[in-house]
Amino acid sequence: MRHDIDALVHPVLMDPRQMVDLDIYELHPPIERVEFKGEPRQAPNRAFDVQHTRLELTLDEGQGEVAGRATITLRPFVGGLREIELDAAQMNFSRVVVKNGRATPETSRFKTHGDRIRIALDRECRESELLTVVLDYKCRPKAGLYFIRPDQFYPDRPNQVWSQGADQDNHHWFPCFDHPNDKMTSELILTVRENQTALSNGRLVSVKHNKKNRTKTFHWSQEQPHSSYLVSLAVGDYAEIKDSYKGRPVRYYVYRDRVKDAPALFGKTPKMIRYFSKLFGFEYPYPKYDQVLVSEFPFGAMENTTATTISDRALLDRHAARDVSNQDLVAHELAHQWWGNVVTCKDWSHAWLNEGFATYAEALFTEHERGWDEARFSLIREYISYIHEDRGRYRRPIVSNKYIYPIELFDRHTYQKGALVVDMLRFVLGDEAFFKTIRHFLKKFQWQNVETDDLRRAIEEVTGQNLDWFFQQWLHKAGYPEFVVTQSYDRRQKLLRLTVQQAQQTDALTPVFRTPVDIEIITREGARVHRVTIERGEQDFFFSVESEPLAVNFDRGNRILKSLSFDRPKEDLLHLLRKSDDATARLRAARELAAFPGDDVIAALGEAVASDKFWGVRVAAAAALGEIGGESALSVLIESYGRARDNRVRRACVWAAGAFKKNESAHSFLERALDNDESLFVQATAIRALGNVGRDGVFDTITRALVRETYQDVIRLAVFDALVFMKERRGIDVAMEWSEAGRSQSARVGAIVALGSLAKEHREERERVMKRLTEALKDQTHSVRAAAIRALGHTDDPSAIALLREAERTEVISQLKLAAHRAVERLEELKQKSSPAVPH
């Protein structure tokens, strides 16, 4: 048994929303880490404290232009200030004035340097003297503010304008101090067409109608301080759905033809506000909460203060809603109103304080709504997502000030591992001390910027505990313990011995870990939980036990981030699967039983698929049957599929059937599932499974599904994944066709990504594929350009390096610059490995 792969790392346990462009039959992802590079960064020095920013804007949607006046009030920290420097990208300033209560010149002297404007003052200013800077400007933002409009290929695309400030992009549409370590109040005044709504942060002061011009002017005021990246703007033609929380407006802005689908996504928002207010011990502090859908958003959502922007991809239709829910996205962004907005990381190296806590809040609301087992399973999914990054991309400390672009830190180490670390902190402290600590932390640092050590000190203030060891290993170091556990029982002495070894390779980055672990020992007399502390590379633990254990459950509740290799007898695993009240133990037992092919195990797994009280265990048992293989296991799977009413369990049965390579029965079963199952995601899994089974006729079967219009092209994306699995040359023709402008945007993105992988397999096709990818690099839609960058990195073709370097140089959007940079690094490494060694 391999110690470095935990049995819980399995693709069928992942959220189906995360399975696009993933080889779902790669059960043991190889370690392909690269060094996480970068220069040490720190929060920039501040010569002044911004007090308030007022923006008065006019938008030219046709030209993608902003004409505005920014009025910024600020105070110097110390006397002697002679120059004000602000972040401002590619702006043309027609007038800049600094007012200081004295005679004010008509204009002030200023110079623009790269992405900054430097304004000369006519004298040295005193400490805390209030200055007002007025800047009249125009710009055509290439990032930060996006103009979405129809064109010849996409005539039904909505007219929208929306902002996305994180990490540091708002200075592309208004001058500001564009770093998180400053907080200000803000106002936004914007005139739009009479059929449009303009949304921004805070309280709606007024809406003024101009009937002659057929316009409306919205005036928004945010009176609680926030960082500049949280300033928001969203303009579009929306239906407004009104809700409330304790008399405060809670509103959802959706497309007029999708009103009926909105309650499934947004309906629990007031309940979430009430729950988080109580749990965090800090009443929701803002005058309202809005959520607005936008098209072509690069992320799932963004937690702008009081005004969350959400990708319209999150709005499910009736068919997709049978399989998945995006309420976790709503909970995450709402939680940010405390974790990120009330308290804000001082710089991006501490972004886990924003994102780790918001991600963990998803599990907290799941625990509140649907129970402990569901919450634990949601964290297992976060664990699987993190492990794929740790093994397949890089390993880094959560708190790291070394990076090339700040967006690099918004990764699975920050979100998923961050959430798991918060959960372990809760485990170490206990619920009472944990929640008391986070309430103290929020109240103490409200409206301030924080760093990781502030949380450590807050724990000490509340509990008296020094958790420096915890913060050092989980936040300032990297990796996780790889536990190898063995057990033996001495009948004469009635003594159980557990040997726990930490088998991870230790170095300057990855330490030997210290952690408490709950060990449950189950005997005929009952079950007892022992908490032990593991703190050395190898330790023995002895437990007095009256009779030989029926099973040992190491890390009850799966509270520790780890990989676990525990060589237990089959009988112990069967006992856990059938009898344990810990769903995570039953789930792990089901997965580990895949190593014991036999009729008794197949029967037990079949029983679990049919009747375990938690659906996650039923899914894991189906996956194990697929790994066992053989006609008996396949028969049980097909029978289990027919009985299962839960879409998630049927999806697991379909995945498992896909593991039966070249099997006629599996092929026929999967075709029936594709044609007849009511679940969109079961059908998509059937397509991927058919691609993996690989029998004759599969190509025609799956490509026929391309005609189907579904939510976010779930079916078409599955087809492109299956074509990559199959590696057939004909797949290139299909992907070329669907990568053309005019095809649905999500399908086009999937086709472009597939082209990169298929070109790697068929060198004779690279020339025409490279031509298409080069064209896509120039597309006006950032998601298409991002797909082209990924595809070029997948080609393994050194000729793509020059294209990718040019993309990194010319792109303004930071996540695209980063994607190009990493693709170049990967191709350069492959090129170096394939080059013959030069003799000395």
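The values are calculated or read from the model by the stated rules, or taken from the named source; none is laboratory data. Note that the coordinates shown come from a computational prediction; the quantities given were computed from them, not determined experimentally. Note that we place each Cβ from the backbone using ideal geometry, even for glycine, and neighbour counts take in every protein chain shown. All accessible areas refer to the heavy atoms of the entire protein, side chains included, with ligands and DNA or RNA removed. Shrake-Rupley method; radii C 1.70, N 1.55, O 1.52, S 1.80 Å.
See the values below:
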read-out	value
Computed over the range 727-823, the ratio Rg/Rh where both radii use C-alpha atoms and Rh is Kirkwood	0.94
Amide H within-cut-off set for Phe177, under 5 Å, with H built and near neighbours excluded	Asp87
Relative packing of 487-497, 515-525, 393-403, which averages over residues the other C-beta atoms within 10 Å, highest first	393-403, 515-525, 487-497
Only Lys, Arg (+1) and Asp, Glu (-1) charged, at Cβ; the chain dipole about Cα centre in debye	1760 debye
HN-Hα J in Hz across the range 203-214 - Karplus 6.51, -1.76, 1.60, θ = phi - 60°, x for Gly and Pro	8, 7, 6, 6, 10, 10, 9, 10, 5, 5, 8, 6
For the range 216-227, 3J(HN,Hα) per residue [Karplus equation, 6.51 cos²θ - 1.76 cosθ + 1.60, θ = phi - 60°, Hz, x = Gly/Pro]	10, 10, 9, 10, 10, 9, 9, 9, 9, x, 8, 6
Where the range 365-455 is the region considered: accessible area per residue in Å², 1.4 Å probe	32 Å²
Most to least packed among 419-431, 52-64 [average Cβ atoms within 10 Å]	419-431, 52-64
Local electrostatic count, Phe280, Cβ distance below 12 Å [Lys/Arg +1, Asp/Glu -1]	+4
Cα-based reach from Lys260 at 16 Å (exclusive), listing aspartates and glutamates while leaving out same-chain residues under 8 positions away	Glu240, Asp243, Asp312, Asp317
Between 0 and 90°, nearest 10: helix 800-810 axis offset from the chain longest Cα axis	40 degrees
Cross-link table Lys727/Lys771; Lys346/Lys443; Lys271/Lys436; Lys216/Lys246; Lys111/Lys142, entries beyond 25 Å C-alpha to C-alpha	Lys216/Lys246
For Thr71, net neighbour charge (Lys/Arg +1, Asp/Glu -1) across residues whose Cβ lies under 13 Å away	+1
Whole-percent carbon and sulfur share, accessible surface of the chain, 1.4 Å	46 percent
At 0.890 mPa s and 25 °C, Stokes D of the range 589-692 from Kirkwood alpha-carbon radius, µm² per second	189 µm²/s
Dipole-positive endmost among Ala788, Ile801, Ser757 within the range 747-830 (Cβ charges, Cα centre)	Ala788
Gyration tensor over alpha-carbon atoms, the range 640-767, equivalent ellipsoid semi-axes in Å	26, 17, 10
Interchain or long-range residues, amide H under 5 Å from Arg116's placed H	Ala88
Packing-based ranking, highest mean first, of 67-75, 456-464, 503-511, 809-817 given that Cβ atoms within 10 Å are counted	67-75, 809-817, 456-464, 503-511
Residues with amide H under 5 Å from that of Leu81, placed H, sequence gap 5 or more	Cys125
Semi-axes of the equivalent ellipsoid for the range 253-331, Cα gyration tensor, largest first, Å	23, 15, 11
Stretch gain in nm, segment Thr506-Arg82, where the contour uses 0.36 nm per residue and the Cα spacing is subtracted	147.5 nm
Projected-area mean, the range 281-416, by convex hull of Cα positions, square nanometres	9.7 nm²
Zero-based 5 Å bins, Cα pair distances in the range 509-644, whole percents	2, 10, 20, 19, 18, 12, 10, 5, 3, 1
Proximal charge balance of Asn181 [Cβ under 10 Å; K/R count +1, D/E count -1]	0
Backbone HN-Hα couplings from phi across the range 396-412 [Karplus 6.51/-1.76/1.60, Hz, Gly and Pro as x]	8, x, 4, 8, 9, 9, 9, 6, 8, 10, x, 4, 4, 7, 8, 10, 6
Å² per residue, accessible surface of the range 534-587 at 1.4 Å	38 Å²
